[in-house]
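Q: Sharing a structure with you now.
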Amino acid sequence: MPNWCNNKLTVTNSTPKLEAFLKEHGLSFEAIVKPERPENDETGYSTIAAQSAAWGTKWDLDETEAKETAASLLENGECIFDTAWSPPSEAVRALSEQTGASFLLAYYEPGNWFWGAESIEDGSINEEVVSNDTQEQLHEFLVQYMDYSTEEATEAVGWDEEDEEEEENEEE
């Protein structure tokens, strides 16, 4: 069972090609780029490696979720979805390259405690935010990039300003 990576994808510059792709395929990573899967893979490890290399994550969205996320992108300019282990950076990069659209991909993987945000345009990935190592920084990231309320972010990270003040006082 994987750790789930929470993703928020925002379209920062849409194009007619992007809209047509989403209407036809949804946000299907397989439709964006086909991994070079081995013909005979008894263990499945080589298939997962190929998918991870092509998409940035090991599994595609199921058909229903691919359609729902595409509908949200078309209607709201953003969508929230989960992927296995890591964000689908490579799939979004390829989609940007194919359609000329630009995106902001924010992600948070609570199991291994990493997060970040990437601007993706012209087929290039530029890191905006990279994981830092404090609960306070994660709290700020969740509120700013993932649309968590202050209370939701506090609960998600188990961070409390009073706890941090107590730690600072103990260090003095």
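Q: Quickly run through the stretch 99-123 and pick out the residues that are open to solvent by 10 Å² or more (accessible area, probe 1.4 Å), among the small types (Gly, Ala, Ser) and modelled with pLDDT of 95 or more.
A: Correct list: 100, 102, 119.
Q: Moving to a separate point now. Identify the residue in the stretch 29-55 that is open to solvent by less than 30 Å² (accessible area, probe 1.4 Å) and in contact with a Lys or Arg (Cβ under 8 Å, 6 or more places away or on another chain) and, among all such residues, is nearest to residue 12 (Cα to Cα).
A: The extreme case among them is 54.
Q: Working only within the stretch 46-82, note down all residues that are assigned to a strand (DSSP E or B) and either farther than 19 Å from residue 21 by Cβ or of a type in the set (Gly, Ala, Ser) (or both).
A: The answer is 80, 82.
Q: Exactly one of (1) within 23 Å of residue 144 (Cα to Cα); (2) buried (at least 21 other Cβ atoms within 10 Å of the Cβ) is unmet by residue 10. Its number?
A: (2)
Q: Right, next: Select from the stretch 138-157 the residues that are of a type outside the set (D, E, K, R) and open to solvent by 70 Å² or more (accessible area, probe 1.4 Å) and list them in ascending order.
A: Those that are of a type outside the set (D, E, K, R) and open to solvent by 70 Å² or more (accessible area, probe 1.4 Å): 144, 150.
Q: Regarding residue 96, is this residue among the small types (Gly, Ala, Ser), in a helix (DSSP H, G or I) and open to solvent by less than 10 Å² (accessible area, probe 1.4 Å)?
A: In short, yes.
Q: Specify which of the listed residues (133, 122) is farther than 21 Å from residue 15 by Cβ and among the charged types (D, E, K, R).
A: 133
Q: Condition test on residue 3, is it touching a Phe, Trp or Tyr at 6+ places or on another chain (Cβ under 8 Å) and surrounded by fewer than 16 Cβ atoms within 10 Å (Cβ to Cβ)?
A: Taking the combined requirement at face value, the residue satisfies it.
Q: If you don't mind, there's one more thing I want to ask. Restrict the check to the stretch 72-92 and report whether at least one residue is of a type in the set (A, V, I, L, M, F, W, C), farther than 21 Å from residue 148 by Cα and open to solvent by 10 Å² or more (accessible area, probe 1.4 Å).
A: Within the stretch 72-92 (the criterion being of a type in the set (A, V, I, L, M, F, W, C), farther than 21 Å from residue 148 by Cα and open to solvent by 10 Å² or more (accessible area, probe 1.4 Å)), the answer is yes, since at least one residue qualifies.
The values are calculated or read from the model by the stated rules, or taken from the named source; none is laboratory data. These numbers were taken from a predicted model, which means no experiment stands behind them. Virtual Cβ from ideal backbone geometry, glycine too; neighbours counted across all protein chains shown. Accessible surface is based on the protein model in full, side chains and every heavy atom, while ligands, DNA and RNA are left aside. Shrake-Rupley method; radii C 1.70, N 1.55, O 1.52, S 1.80 Å.
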